[in-house]
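Heads up, the thing below is written out as structure tokens.
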Amino acid sequence: MKRIFSGIQPTGEIHLGNYVGAIRNWVYLQDEYDCVFSVVDYHAITIEYPVEEMAKRTLETGLILLACGLSPEKSKIFVQSHVPEHTELAWIFNTVTPIGEVERMTQFKDKAKQHRANINMGLMGYPVLQSADILLYKAGYVPVGEDQVQHIELSREVARKFNARFGDVFPEPQEILSMAPRILGVDGQAKMSKSLGNFIGVLEEEAGIWEKLRTAVTDVNRVHRTDPGDPNICNIYTIHRAFSDNSMLIEIDKGCTSAGIGCIDCKKMLFENLKKELTPIREKARELAANTDYVKDVLHQGAGACRKIADVTMEEVRRVLGLYRT
Ligand code: TRP
């Protein structure tokens, strides 16, 4: 079976953008691929973070993956730092990665701007570690959001450079993009993101979700209820596209452009659909939170299975590198 690898950072709060852009897609893919999913804590330490929160956030992220429908029967689910071969392979990949290639990564440039006081080697090596994540399992497919495509391109380059020098060891991974277009934040300014504080959390309570929707910016040109709006520039519509079916999208499109419905009506319809999809996830998460031993066990088993694969790859890598073996 074709293998998939993907990862998610333990940022603390997983929001609808993460869910629609990645996790929901992973849930579908686990039926057709041999899947490996990781909570990538070694990526998260490349910027400042609350040290005392890391363990909790990591476990919570694992819990959310399970609550959203990832299944340990179908997929391997684990914490990156529990399989130390990720960093070992990343070191080796450092030696075949041109600095110019990582310097031009837009995520690196953005983060370097945001974290001027701590532009460290890890931040620069972030996509090299990501390449190691994928290639350690020789995964050929990587389901990610659009913002990660450049990093997957780099992983192809890393595989090519490694193979050219040491022999044909690694496949060149392909990205799998989710069909859902990206979701904008409730501020209507930018994509939904944890750092911008414009997000709706996957596990957020209904009252909180409604409050964020109610006060969310819509098409700014639609000042009065009687003004027609344009769904194509409305951030609420981007969320509708991810959670509402075609007939509702058509209804909203008509209603909005003809001022037949108001923004509040449109938000109420979205709220109903969000509830339908998120309530079972929240309930499952509550169950899992009462049984964290189960979650810990899943992550433990996942790491064990991944270490076995990692071990085989690393033996091959050390051999082709010509390292002294006993
Ligand atoms: N960089 C990815 C993100 O921010 C997370 C990630 C780390 C990842 N390693 C990966 C994604 C490997 C896909 C494959 O979303």
Flagged in the stretch 24-37 as more than 11 Å from the ligand (Cβ to nearest atom) and either within 12 Å of the chain's Cα centre (by Cα) or β-branched (Val, Ile, Thr) (or both), in numbering order, are Arg24, Asn25, Val27
Conditions (1) crowded, with 23+ Cβ neighbours inside 10 Å; (2) of a type in the set (A, V, I, L, M); (3) near the ligand (Cβ under 10 Å from one of its atoms) -> Val20 fails only (3)
Contact list, first residue from the stretch 3-15 and more than 6 Å from the ligand (Cβ to nearest atom) and among the charged types (D, E, K, R), second anywhere and part of a strand (DSSP E or B) and at pLDDT 95 or above, beta-carbon distance below 8 Å, six or more apart or interchain, is Arg3/Asp34; Arg3/Cys35; Arg3/Val36; Arg3/Tyr141; Glu13/Gly201
Over the stretch 300-322, the set of residues of a type in the set (Val, Ile, Thr) and under 23 Å from Val40 (Cβ atoms) is Ile309, Val312, Thr313, Val317
Evaluate the following for Tyr49: is it buried (at least 24 other Cβ atoms within 10 Å of the Cβ) and farther than 22 Å from Tyr137 by Cβ? no
Only one of His82, His115, His86 is over 20 Å from the mean Cα position of the chain (by Cα) and not hydroxyl-bearing (Ser, Thr, Tyr), namely His115
Of the candidates Phe166, Phe199, Phe243, Phe271, the one satisfying the condition of being in the same structural domain as His151 (by TED's automatic domain parsing), of a type in the set (Phe, Trp, Tyr) and touching a helix residue (DSSP H, G or I) at 6+ places or on another chain (Cβ under 7 Å) is Phe166
Those residues of the stretch 162-177 that are over 17 Å from Met314 (Cα atoms) and in contact with an Asp or Glu (Cβ under 9 Å, 6 or more places away or on another chain) come to a total of 3
Scanning the stretch 121-157 residue by residue, the ones that are under 21 Å from Pro84 (Cα atoms) and modelled with pLDDT under 95 total 0
Expected single match for part of a helix (DSSP H, G or I), within 14 Å of the ligand (Cβ to nearest atom) and not charged (D, E, K, R) among Gly100, Gly125 is Gly125
Of the residues in the stretch 186-238, those that are among the small types (Gly, Ala, Ser), within 23 Å of Leu249 (Cβ to Cβ) and surrounded by 20 or more Cβ atoms within 10 Å (Cβ to Cβ) come to Ala216, Gly229
Within the stretch 63-84, residues under 17 Å from Arg307 (Cβ atoms) and part of a helix (DSSP H, G or I) come out as Gln80, Ser81, His82
If we ask which residues in the stretch 23-36 are surrounded by fewer than 22 Cβ atoms within 10 Å (Cβ to Cβ) and among the β-branched types (Val, Ile, Thr), their number turns out to be 1
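The values are calculated or read from the model by the stated rules, or taken from the named source; none is laboratory data. Computed from a prediction, not measured in an experiment: that's the story for all the values here. Cβ coordinates were reconstructed from backbone atoms using ideal geometry, including for glycine residues, and neighbour counts include every protein chain displayed.
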